[in-house]
Amino acid sequence: MIKSIYKKNACKFLISLIPVVIVGVMAPLRSYIMQLLIDSKSYKDLAEKCLIAAAFSIAVFIFEWIGKKRQAAVVRDMEKDLRDQVMCKLFYISANQFEKKGLAYYLSKFTTDIGIILNDGVNNMYGMIMQFAFVVVAVVYLLCVEPFILLIVAVVSIVQFGVPNILKKKIASSRKEYTEAVEVYLDGVKNDLGGHKVIRTYDAVKQILGKQAKLSDFVSRKNEYSSKTLYWAQALASFVNNAAFLIVLGSCLFFVAAGRITLGEVVGITNMMNFVLTPSKAIANGMIQLKAMDKVKAEWESLLELESENDNKESLEENIREIRLEHVHQKINDSFSLDKLMLHFEKGKKYAIVGKSGSGKSSIIKLLTEYGADYDGRVLINGKELSELNRESIMRVSPVCYQQTYIFNDTVFHNVALYQEYSKEEVINALKKAGIYDTIQKLPNGVDEKIRENGSNFSGGELQRIALARLFLRNKTMTFLDEITSGLDNETAYEIEKRLLDEDMTIINITHRYNKALMQRYNEIIVMDSGKIVERGSFDELIEKGEVFYNLFKILSE
């Protein structure tokens, strides 16, 4: 929570306020020093007051430097806490919850939103507190010199404080529209830059640049609208401030003529007046900024308070012995559902799930792991109902290997170990089991060779083997495979699947490949069509049956 971050840093914040308040008290007193200098009675008196003024200026500089330094340190710590809390939350919620928002949405939290919270919130508070100290000192001074002028200044200041309330809803709404526009823009940039090669290959640069220009114009206009709204409120406050200055100056000249104040006091009053009106304007603008960040702050609070779907659910600490699906129905979307599934996966056996594209193969794995909590029927893992289990714990004991291999922009070692405490020897053994170590050891830095962004210095098959080494390193007894050989050449795909089948582990493999030698090694082949199981059995049984699988095999076998 943002409040907890404020609370955590409260002591440092309060300590850093000491030099801020000191500067806030001292700065307005320069007006009083100007008054003393002008009203000096002799050269000696003037020289003494000049020395006082010089010492005073040095003191203000020192305290202001200390204050800014401490402020920067507090903002640094709060920025780190904000980033750390959001990052922790994003890895705490389930994959299902994470994917409900686009990646651009979360990126905007780390960029635009953090900037708004720190600048419009934390830094703004420092400024408002200093401005408030200016006002207090100036009010005391004006009260002592000429209470009537203080009354004029007070009326104008009240008017200035009312300005934010006139436009506060419009300002907050326009700022929110701008942050949402930035999310749309970032999403567009991410997608188009990610497809850089495709765009260049198909000569679509002109069209993409045109699309990006429209997105850029869209976000710029939203920023302009947000700024215009804010500037309008600030201009209104400036008008009031300028009018007040003319009124106060006229009043001072009247009092000089009446002999009630000196010329030095006029200078002191007009300067001190700025420490009421200008800070009042700054405080009013600060209130506008605080109001403007309300929606952004509320969205952050909502994200940080989001509870994981896995909260308060039992963790699966033991290896999976069996999985049962009994009369399971799950709606995937308006036009597709898993229907009447009856399955039994046993420890140590190998299962292949096959079928045409869109038949529901991947939906089964999603049901059993991180996605789709709502279903009818029973799903039992080691006799425990799936809906009562922490799904992250299921993935920890039985990882999912996906078709799209995610590779970090880091070394081969860290891509396999994933920053966990594995030795180099253990990682090398895992790479050997995955059949990629012979290639890795020929590289200039071996396992310490850095994989470039998107794995551009490795082939697709090599990247898939590196991902496979992650699984072998952890010695899991069960894994889910989601078309991991899709997009690979036949020889590489065969070798990778063969290595997995050689392992002493339970395998549930979604595949579109129908290699006879490999298919014969599966204990059971499950054939899906339109969300239903239409056939099941061993390879030989299904071929002899001569129906759905037989026809698929004839068409797709290699």
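The values are calculated or read from the model by the stated rules, or taken from the named source; none is laboratory data. Since the model is a prediction, treat every value here as computed from it, not as a measurement. Counting neighbours? That spans all protein chains shown, and the Cβs are built from the backbone with ideal geometry, glycine included. The protein model used for the area step is the full one, side chains on, heavy atoms only, and it has no ligands, DNA or RNA in it. Shrake-Rupley method; radii C 1.70, N 1.55, O 1.52, S 1.80 Å.
Round to the nearest 0.05 the FRET efficiency obtained for N490 and E317 when R0 = 35 Å and r is the Cβ-Cβ distance.
0.30
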Amide hydrogen neighbours beyond the local backbone of S315, cut-off 5 Å, H modeled: N390
The chain: angle of helix 124-145 to the longest principal axis, Cα-based, in degrees nearest 10: 10 degrees
Per-residue HN-Hα couplings for region 259-268 [Karplus 6.51, -1.76, 1.60; θ = phi - 60°; Hz; x = Gly/Pro]: x, 8, 9, 8, 5, x, 5, 4, 4, x
Which labelled figure in (1) 118, 53, 51; (2) 111, 67, 60; (3) 92, 75, 53 is Cα extents along the principal axes in Å, once derived from the coordinates: (1)
Rounded tilt (10° steps) of 490-502 against the dominant C-alpha axis of the chain: 80 degrees
Cα gyration tensor category, rounded, prolate or oblate, for region 167-322 with a/c compared to 1.5: oblate
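What 222 nm value per residue comes from the helices of the chain, counting each DSSP H run with n ≥ 4 as -39,500 (n - 2.57) and dividing by all residues, nearest 500 deg cm²/dmol? If you can, show how the numbers build up before the last one.
Working: 22 runs with 346 residues, N = 558.
It lands at -20500 deg cm²/dmol.
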In degrees, nearest ten, helix 147-194 long axis to first principal axis of the chain (Cα): 20 degrees
Bridge type composition, the chain - antiparallel percent by DSSP, nearest 5: 55 percent
Distance in nm between pseudo-label sites at T477 and E425 (7 Å out along the Cβ direction from Cα): 2.6 nm
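When you count, for each residue, the other Cβ atoms within 10 Å and take the mean per peptide, how do 338-345, 464-471, 378-385, 144-151 rank with the highest first?
On the way: 338-345: 18.2, 464-471: 23.8, 378-385: 14.4, 144-151: 16.2.
Most protected by this proxy first, the peptides run 464-471, 338-345, 144-151, 378-385.
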Calculated FRET value between R396 and E326, using beta carbons and R₀ = 22 Å, to 0.05: 0.35
Long-range amide H partners of E524 with built H, under 5 Å: K350, A352
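Restricting the count to DSSP beta bridges whose residues both fall in region 290-403, what percent are antiparallel, rounded to a multiple of 5? Spell out each step's value before the answer.
Working: 15 of 16 bridges.
If we restrict to bridges inside region 290-403, about 95 percent are antiparallel.
For the chain, give the percent of accessible area contributed by carbon and sulfur heavy atoms, probe 1.4 Å, rounded to a whole number. Could you put the intermediate results ahead of the total?
Numbers: 16330 of 28760 Å².
Whole-percent figure for carbon plus sulfur exposure: 57.
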Using θ = phi - 60° and Karplus 6.51 cos²θ - 1.76 cosθ + 1.60, couplings along region 523-531 (whole Hz; Gly, Pro as x): 5, 8, 10, 10, 9, 10, 7, 6, x
Sequence of S456, S398, S357, S363 when ordered by accessible area, the most exposed leading, probe 1.4 angstrom: S357, S456, S363, S398
For peptides 117-129, 285-297, 541-553, 35-47, sequence by mean Cβ density within 10 Å, most packed first: 285-297, 117-129, 541-553, 35-47
Long-range HN-HN contacts of E535 with modeled amide H, under 5 Å: V527
Karplus-derived HN-Hα couplings along region 545-553 (A = 6.51, B = -1.76, C = 1.60, θ = phi - 60°), whole Hz, x at Gly and Pro: 5, x, 10, 4, 5, 4, 5, 5, 5
Highest average packing first - 68-76, 55-63, Cβ atoms within 10 Å: 68-76, 55-63
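Can you work out the FRET efficiency for the pair V140 and D81, with r the C-beta to C-beta distance and R0 = 45 Å, to the nearest 0.05? If you can, show how the numbers build up before the last one.
Values: r = 38 Å, r/R0 = 0.84.
Efficiency computed from Cβ-Cβ geometry: 0.75.
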Global geometry of region 351-407, whether rounded, prolate or oblate, following the gyration tensor of its Cα atoms and the 1.5 cut on a/c: oblate
For the chain, accessible area per residue (1.4 Å probe, heavy atoms of protein chains only), Å²: 52 Å²
Cβ charges +1 (Lys, Arg) and -1 (Asp, Glu), total dipole of region 194-268, debye: 600 debye
